[in-house]
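Please read the structure below before turning to the comments.
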């Protein structure tokens, strides 16, 4: 069987690889080129060999003393070529020439670093893929006018200009620092772009019935940071599809014969979940944000500002949610305002706020201001005995009858609105109130308190929200995270 042969010419640090013609153009030619800072290694596959002077070799190692320039000329065969670097060594240049023929060329570059790169193809099915590569200067990739040629940049950086001509172009997680000149002249060509940044001006020219897909990812959006011009073909317009949050144009794009299916989304307003705590140790604070359109998220709390991605205490445990752990820091105020701010790529921002209320501090201030001495239980219930009863202490399962009046405790430690009473006629139930102790018929603070108070006792209960109505409150009279005060009398327990 005839094998494909690649001629090797070396001059200093310049390496030329040329596919030698033979009669059997259906032979699959394949070889790999790998390089470090000190050598270039050629390895043939599928019977491909290398002609080095008068020798024919399956592999060849070329020692180099400086970044090499590599030129590869592929002629008539079906070619499958891979080029890979070690992620640190650089090429001074890489040139690929893919000449005429009906067979397909498949070229894959992995972790290649090059000062310049030039690719020229003339076949209808050429495919070139760059993975995690860096072009320090310009990348010129002209694969001809066929709609079936493909250029794919995956996590690749082009620090100079990118000029390409291909039928199918994919940009995924990549960066183009210079100008983009993308030409896709064939019919039904496609440009797919996901999480890619275009710093310089972008010119995109599509053929008849071209499609541009601007898609979002968990990593971010497509960013066009300079002017963008999109040109389609008259009577067979280019269609531009946008996922929500998939693209930001710093300058509104200029388009000709191109139709946008969606518009740039609106930045959502972030939120803070307010809460009241029973100690002044800062809790874990949570909230929501527009994770699709937010570029920068900050949370200001307890005298500091935290930034998602750079502050370890601020995390996003799930899409659209944030969590701030203040690490048991002491709250600097009985009521702490927390402000969360989302900023999109255009610099637009929206903010939301909530409060962290130090319930123990408010209660302590209230007791001190009124010269009251309270007994505090392990879970934060406070009760003040006004009159000691002489009866038995109620036990679980007993029917306890009480008189009561309930008030809100304000954040400034003053007594607020009376929200209920069975001794005040305005609430419409002037009769002793009875419930089964320990059966969950009342709030937890009541079940706990009345198991401590003998019959006949007159007392004041100060109940934190964790033992009352919590974050839900009891609208409309009891707001979220309310601290409650009850003046109570234990009438009987049977």
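Every number here is computed from the coordinates shown, using simple stated rules; none is lab data. It should be emphasised that the depicted structure is a prediction, and the values quoted were computed from it without experimental measurement. Cβ: placed from backbone, ideal geometry, glycine included. Neighbour counts: every protein chain shown.
Structure above, values below:
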item: Tilt relative to the chain, helix 359-369 - C-alpha long axis, 0 to 90 degrees, to 10; result: 30
item: Percent RCO, i.e. relative contact order, over the stretch 271-357, from Cα pairs under 8 Å lying at least 6 residues apart; result: 39
item: Neighbour-count ranking [beta-carbon atoms within 10 angstrom, fewest first] of 344, 152, 126; result: 152, 344, 126
item: Column: log10 I(q)/I(0), Debye, Cα scatterers of the stretch 6-85, q = 0.13, 0.14, 0.16 Å⁻¹; result: -0.37, -0.42, -0.55
item: P(r) weight above 15 Å for the stretch 150-248, C-alpha pairs, percent; result: 57
item: Tensor-based shape of the stretch 15-140 (alpha-carbon gyration tensor, a/c under 1.5 rounded, otherwise prolate or oblate); result: oblate
item: Centroid-to-centroid separation of the stretch 80-115 and the stretch 472-494 [C-alpha atoms, Å]; result: 75
item: Least to most buried among 248, 433 (fewest other Cβ within 10 Å first); result: 433, 248
item: The chain - Rg over Rh from alpha carbon coordinates, Kirkwood radius; result: 1.28
item: Taking the chain and dividing mean pair separation by its residue count, relative contact order in percent (alpha carbons under 8 Å, at least six apart); result: 7
item: Contour minus Cα-Cα distance for residue 188 and residue 425 (0.36 nm per residue); result: 77.4 nm
item: Rounded, prolate or oblate (a/c below 1.5 giving rounded, otherwise prolate when a/b exceeds b/c) for the stretch 370-493 by Cα gyration tensor; result: rounded
item: Rg/Rh ratio calculated on Cα atoms of the stretch 123-185 (Kirkwood radius); result: 0.95
item: Share antiparallel - DSSP beta bridges, the chain, percent rounded to 5; result: 45
item: Inter-site label distance for residue 239 and residue 399 at 7 Å from Cα along Cβ, in nm; result: 7.3
item: Shape category assigned to the stretch 234-360 from the gyration tensor of Cα positions, a/c cut at 1.5; result: prolate
